[in-house]
Amino acid sequence: MHACSPQRRLLRTAFLAGALTLVACAEPSPDAALADYVQRLERTLGHPAPAATPVTLPRLPHRSELKLTLESGNLGTLDFLALTGCAVQVTIGKRNSSLGLMASASQRLLLELEFLQLAPECIDYQRSQGEGTLADLLASAHAQKRRQLPALIFNATLGGPEYRALWRPPSTLGQYPANTSSAPLTALSNINASVRRWLAGDYRADNMAFEIQLSEVALGDGGALLRALALQQGWLAAGNAVLAAQRAEGPLCRGDLRPAAADTLNTVIEKFFVGDVQPWSANLGRRQHDLLPLLHELEQQVAPALPPAYQSWQAQRDASLSRWTEAPRQHVKALQATLEPCGGAGRRAG
């Protein structure tokens, strides 16, 4: 056998790449599978589905409505040069520098955590040196930062750019949720664990790890999840309308009279709903179960600090999710009601 020439190898590589591209393009998207299923319901029962109504996804308020403004207290005027002998002196210097004043919300949180961790030792030291006034100033600042901690955490996380990116819906779903990663879930879990420690008084923080976790959160799929659930609800509602139109005409089966549509409908349910739609729907439900509790946990931890605009969006989001999540169950009920006069609906649907 002769070895392939470089030209032939190049042509074969190009052909295989093209073939793989065609296969990838041929994979049905969730939208295509749902549309195909509803169209088959239409043809089987002879009733048109209503025109799809565009669903407006709950969008986060403008970033300016989510930024909490916090009082600086006396740290801005405190003479950190008077704190010689205290590790917190360096922290206050960084915080009061021009770079510190312009720091991102996440960097500001980390600086304040550093202050909260180091200040108590300095307070005790200043008292031991007879510097009661300075110790009192530090103690007052420490108490203020403890009160502000939920708001500092909100600004750095839920109100920050990474969490905004997490909720940004994609233009297309592609193969979602099969193309998701566990990295955002791990990052959210680790941030929640850190927040629990911080709010309990353990202010240690791994600055680099926290910033990396935020960058992984930005790659999360909250927006894709909302779009997918809304898409599913819209198509299944259209299918429900087709089924309802059939029932409005009377039972599909009457006594011993069983039209061919009854058997065709069972086939459509088994092959295109149970076979194509439900596996994707189940994967979507699993992703929702994995992702949303992690987001809810952080919201609960900093609940007192949530600004009104965020609370309003949160309520709208949760109401939409509650409604959209019910769509598969409601559709199964509609299928069962339609085929009940024929001896039951698709045994595997449910």
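One residue is enough: does the stretch 108-123 have a residue meeting the conditions modelled with pLDDT under 95, more than 22 Å from Ala305 (Cα to Cα) and part of a loop (DSSP other than H, G, I, E, B)?
no
I need a count of the residues in the stretch 44-58 that are assigned to a loop (DSSP other than H, G, I, E, B) and closer than 22 Å to Arg247 by Cβ.
Result for the stretch 44-58: 8.
Please determine, by comparing only the residues of the stretch 87-98 that are surrounded by fewer than 21 Cβ atoms within 10 Å (Cβ to Cβ) and not small (Gly, Ala, Ser), which one is modelled with the lowest pLDDT.
Per the criteria, the residue is Asn96.
Would you confirm whether or not the stretch 329-346 contains a residue that is touching a residue at least 40 places away in the same chain (Cβ under 8 Å), assigned to a loop (DSSP other than H, G, I, E, B) and within 28 Å of Ser29 (Cβ to Cβ)? Can you show your working first?
To start, the set of residues in the stretch 329-346 that are touching a residue at least 40 places away in the same chain (Cβ under 8 Å) comprises 330-331, 334-335, 337-339, 341-343, 345-346.
From what is left, the residues that are assigned to a loop (DSSP other than H, G, I, E, B) are 343, 345-346.
Applying the additional criterion that residues be within 28 Å of Ser29 (Cβ to Cβ) yields 345-346.
So far as the stretch 329-346 goes, yes, one or more of its residues are touching a residue at least 40 places away in the same chain (Cβ under 8 Å), assigned to a loop (DSSP other than H, G, I, E, B) and within 28 Å of Ser29 (Cβ to Cβ).
Of the residues in the stretch 200-219, how many are outside any helix (DSSP H, G or I), charged (D, E, K, R) and either touching a residue at least 24 places away in the same chain (Cβ under 8 Å) or surrounded by 15 or more Cβ atoms within 10 Å (Cβ to Cβ) (or both)?
Here the count works out to 1.
I need the full set of residues from the stretch 146-162 which are touching a Leu at 6+ places or on another chain (Cβ under 8 Å) and not in a loop (DSSP other than H, G, I, E, B), in order please.
Selection gives Arg146, Gln148, Leu149, Pro150, Ala151, Leu152, Ile153, Phe154, Asn155, Ala156, Glu162.
All but one of (1) modelled with pLDDT under 95; (2) in the same structural domain as Trp235 (by TED's automatic domain parsing) hold for Val38; state the number of the condition that does not hold.
The one condition Val38 does not meet is (1).
Would you confirm whether or not the stretch 236-247 contains a residue that is touching a residue at least 40 places away in the same chain (Cβ under 8 Å), in contact with an Asp or Glu (Cβ under 9 Å, 6 or more places away or on another chain) and closer than 19 Å to Ala165 by Cβ?
The answer is no; no qualifying residue exists.
Please verify whether Thr133 is of a type in the set (Ser, Thr, Tyr) and under 17 Å from Ala82 (Cβ atoms), treating the condition exactly as stated.
It is true that Thr133 is of a type in the set (Ser, Thr, Tyr) and under 17 Å from Ala82 (Cβ atoms).
Return the only residue of Leu173, Leu137 being touching a residue at least 12 places away in the same chain (Cβ under 8 Å), surrounded by 13 or more Cβ atoms within 10 Å (Cβ to Cβ) and farther than 30 Å from Asn190 by Cβ.
Leu137
The values are calculated or read from the model by the stated rules, or taken from the named source; none is laboratory data. If you're wondering where the values come from, they're calculated on a predicted model, not measured in any experiment. So basically every Cβ, Gly included, is an ideal-geometry build from the backbone, and we count neighbours across all protein chains shown.
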